[in-house]
Amino acid sequence: MATFSKEFTILGQKVVIQDQAQADLATVALKVVNERISEIQNAKPLLGPNQVAVLALLEIAGNLVRDRKSIDSYREELDRKCSLLMSELSRLREVESGQNHT
């Protein structure tokens, strides 16, 4: 059985990932990070590499926090609507059950 292995270089350090799903996720994540770093470097060429990395990290983390809050809000709304729907279905079932006994 062949063992999966994919190597990445992050800030000059080689990292080997042996899980296909994790490697796929890392590929997407690194693409996002590298794109953002390039955009910041082009927009602010006088910044040092660490400053660029920190700005990219803060922006990506901020986006994740914002997206997580949106998802949490959506889940809360979905839970609320599901609860209302279940209550209405229970009420209708009770009404129907009462009509069948008459």
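The values are calculated or read from the model by the stated rules, or taken from the named source; none is laboratory data. Model, not experiment: these values are computed from the prediction. Cβ sites come from the backbone with ideal geometry, for glycine too, and all protein chains shown count toward neighbours. Accessible surface is based on the protein model in full, side chains and every heavy atom, while ligands, DNA and RNA are left aside. Shrake-Rupley method; radii C 1.70, N 1.55, O 1.52, S 1.80 Å.
Miscellaneous remarks
- Filter result for the condition that a residue is among the basic types (Lys, Arg) and farther than 30 Å from THR9 by Cα, over ARG66, ARG36, ARG91: ARG91
- Selection status of LEU11, open to solvent by 100 Å² or more (accessible area, probe 1.4 Å) and of a type in the set (A, V, I, L, M, F, W, C): yes
- Segment 42-67, subset closer than 20 Å to LYS31 by Cβ and polar (S, T, N, Q), residue surrounded by the most Cβ atoms within 10 Å (Cβ to Cβ): ASN63
- Any chance THR3 is exposed (fewer than 11 other Cβ atoms within 10 Å of the Cβ) and either touching a residue at least 60 places away in the same chain (Cβ under 8 Å) or more than 23 Å from ALA61 (Cα to Cα) (or both): yes
- Meets criteria (more than 17 Å from the chain's Cα centre (by Cα) and in contact (Cβ under 8 Å) with a residue 24 or more places away in the chain) for LEU78: no
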